[in-house]
Amino acid sequence: MASDARARELVAHASKVIVAMQSNPKEDARMERAKASFNSNELAAYMNDGEDRLHRRRELVKLLQSQPWGDKTSRYFMTREQEYVGGLQASIGIW
């Protein structure tokens, strides 16, 4: 019994350390963009051949993500058959 309590204590301490060191990658990216010595929006526009094309690309991404077949969040938890059917639905949805 004493070893169980000791193990729980060690696990609890390790868990606290891990959680304290954990960070949100989106927040990290936002902070790095804020520290950049250049305007990231200008770079994105340059890489997409202009502000209008970048705006159009963002509209298309938003449109595709709003479709039920465009949501890829559960893709890693699907069976092979579900993934195949989802791919078919996406290809039909795009057309």
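Derivation of every value follows stated rules applied to the coordinates shown; laboratory data play no part. Everything numeric in this text was worked out from a predicted model, so none of it was measured. A quick note on method: Cβ atoms are made from the backbone with ideal geometry, for glycine too, and the neighbour counts reach across all protein chains shown.
Quick notes on this structure:
- Ellipsoid semi-axes in whole angstrom, largest first, where each is sqrt(5λ) of the Cα gyration tensor of the chain: 40, 28, 7
- GNM remark for the chain: springs join alpha carbons under 10 Å apart, and the peak mean-square fluctuation among 17, 85, 61 falls on 17.
- Remark: the residue 66-residue 45 segment gains 5.2 nm on full extension, using 0.36 nm per residue and subtracting the alpha carbon distance.
- Extension gain, residue 8 back to residue 80 (0.36 nm per residue minus Cα-Cα distance, nm): 22.1 nm
- Cα centroid separation, the stretch 1-28 to the stretch 34-64: 39 Å.
- Environment charge of residue 45, counting only residues whose C-beta is closer than 13 Å and scoring Lys/Arg +1, Asp/Glu -1: 0
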